[in-house]
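Below: one structure, written as structure tokens.
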Amino acid sequence: MSNSWTSASGADLSAGYARHAGTLRGALRHALVARALRTHLPTDSQRVLDVGGGDGHQAVLLARAGHRVTLLDPDPGMHKRAAERLAAESEQVRDRITLVEGTADQATDLAGDGFDLVCCHGVLMYAEDPRAFLNDLASALRPGGLMSLLTKNADALAMRAGLEGRWADAVAVMGAGSVEGNLGVSSRADTLASVEAILDDAGVTTSCWYGVRVFTDHLGDAPVGEGFDYVLEAEWQAGCRDPYRQIARLFHLIGHKQ
Ligand SMILES: C[S@@+](CC[C@H](N)C(=O)[O-])C[C@H]1O[C@@H](n2cnc3c(N)ncnc32)[C@H](O)[C@@H]1O
């Protein structure tokens with residue numbers, strides 16, 4: 001029996017994810033999201049839910065910073081990798097992380113009085129019904145709590161194909177809603193405006209948003225090389241401002257619940 005969870009679209013995410021995690025693109029995505037979270041999160045210990053938290057990369061960074069994290073993910077393969085990652089951490093960090101097997105629709109059940117932060121990075125694109133999915137995330141937040149949402153940018157889908165010189169593909173995905181992603185499975189892209197409209201209805205207002213991977217998204221499986229910090233700084237600066245952030249592969253929205 002397969003050890004990996006398969007999404008409603010039939011996608012086996014964990015195999016593709018493991019391949020991607022060690023690349024420059026994968027490393028940048030994690031580093032840019034982590035930097036934004038450090039910018040927006042209070043430093044005192046926060047109660048965090050990481051929906052679709054995967055192998056625990058962000059959960060560990062947050063726990064090292066003193067936050068208490070519940071990682072909710074349906075994939076036993078991801079849980080196994082998260083457990084292996086945790087085993088390498090100090091007891092203090094390990095104790096701050098709880099692994100829960102389940103999907104986003106269970107977020108409210110875990111919420112109690114509401115989480116201070118709900119993270120959801122790289123997951124919305126696999127959800128069949130974005131409104132229901134985002135409502136589940138919003139309902140797990142306390143009033144004043146933060147949401148950190150990373151997903152694929154439908155306004156810039158043609159950039160990767162264009163920069164790779166795949167002209168027919170660039171034309172085909174221009175204005176399209178879904179495309180074959182990094183992980184070898186088809187996934188949906190959303191516009192920032194459509195996500196903001198749904199979140200607004202759910203009582204979550206955008207505080208800030210970032211573009212993620214402006215200059216590097218076409219670099220395929222290039223490994224992390226020397227000079228990573230320079231690449232990271234260039235991506236961070238571009239991701240913080242127009243017009244660059246508009247053409248990033250992903251957008252990272254930080255919102256707060258009313
Ligand atoms: C591309 S990985 C992202 C993992 C991690 N958030 C990160 O940023 O590296 C997508 C994760 O979402 C999980 N997932 C897919 N559908 C989900 C759902 N409906 N609810 C919760 N997690 C889900 C998968 O099991 C997988 O671990």
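The values are calculated or read from the model by the stated rules, or taken from the named source; none is laboratory data. Small disclaimer: the values here were computed from a predicted structure and weren't measured. Because the Cβ atoms are built from the backbone with ideal geometry, glycine has one as well, and the counts that use them run over all protein chains shown. In case anyone asks, the SASA skips ligands and DNA or RNA and just uses the protein heavy atoms, side chains included. Shrake-Rupley method; radii C 1.70, N 1.55, O 1.52, S 1.80 Å.
Does Pro42 satisfy the criteria of being modelled with pLDDT of 95 or more and either touching a Cys at 6+ places or on another chain (Cβ under 9 Å) or within 8 Å of the ligand (Cβ to nearest atom) (or both)?
It is false that Pro42 is modelled with pLDDT of 95 or more and either touching a Cys at 6+ places or on another chain (Cβ under 9 Å) or within 8 Å of the ligand (Cβ to nearest atom) (or both).
Do the conditions hold for Arg142, that is, is it in contact with a Phe, Trp or Tyr (Cβ under 8 Å, 6 or more places away or on another chain), surrounded by fewer than 23 Cβ atoms within 10 Å (Cβ to Cβ) and touching a residue at least 60 places away in the same chain (Cβ under 8 Å)?
Yes, satisfied.
Among the residues of the stretch 67-82, write down those that are open to solvent by 70 Å² or more (accessible area, probe 1.4 Å) and closer than 21 Å to Ala34 by Cβ.
Of everything in the stretch 67-82, those that are open to solvent by 70 Å² or more (accessible area, probe 1.4 Å) and closer than 21 Å to Ala34 by Cβ turn out to be Arg68, Arg81.
Whether any residue in the stretch 105-126 is at pLDDT below 95, charged (D, E, K, R), out of contact with any Cys (no Cβ under 9 Å at 6 or more places or on another chain) and within 13 Å of the ligand (Cβ to nearest atom) is what I want to check.
No: the stretch 105-126 contains no residue that is at pLDDT below 95, charged (D, E, K, R), out of contact with any Cys (no Cβ under 9 Å at 6 or more places or on another chain) and within 13 Å of the ligand (Cβ to nearest atom).
Are there helices (runs of 4 or more DSSP H) fully within the stretch 166-258 with at least 3 residues that are in contact (Cβ under 8 Å) with a residue 24 or more places away in the chain? List them.
Here the list reads 192-201, 228-239.
Residues in the stretch 83-125 that are surrounded by 23 or more Cβ atoms within 10 Å (Cβ to Cβ) and of a type in the set (A, V, I, L, M): how many?
Residues flagged as surrounded by 23 or more Cβ atoms within 10 Å (Cβ to Cβ) and of a type in the set (A, V, I, L, M) within the stretch 83-125 amount to 8.
Of all residues being buried (at least 24 other Cβ atoms within 10 Å of the Cβ) and under 17 Å from Asp116 (Cα atoms) in the stretch 53-62, which is nearest to the ligand (Cβ to nearest atom)? Just the residue, please.
By that ranking, first place goes to Gly53.
So that you can scan it fast, the table gives a plain yes or no per residue for (1) open to solvent by less than 20 Å² (accessible area, probe 1.4 Å); (2) modelled with pLDDT under 95; (3) within 12 Å of the ligand (Cβ to nearest atom):
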{"residue": "Met1", "(1), (2), (3)": "no, yes, no"}
{"residue": "Trp5", "(1), (2), (3)": "no, yes, yes"}
{"residue": "Asp12", "(1), (2), (3)": "no, yes, yes"}
{"residue": "Gly26", "(1), (2), (3)": "yes, no, yes"}
{"residue": "His30", "(1), (2), (3)": "no, no, yes"}
{"residue": "Leu37", "(1), (2), (3)": "yes, no, yes"}
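Sort out which residues of the stretch 127-139 are in a loop (DSSP other than H, G, I, E, B) and either away from the ligand (no atom under 14 Å from the Cβ) or buried (at least 16 other Cβ atoms within 10 Å of the Cβ) (or both), and write them in order of number.
Ala127
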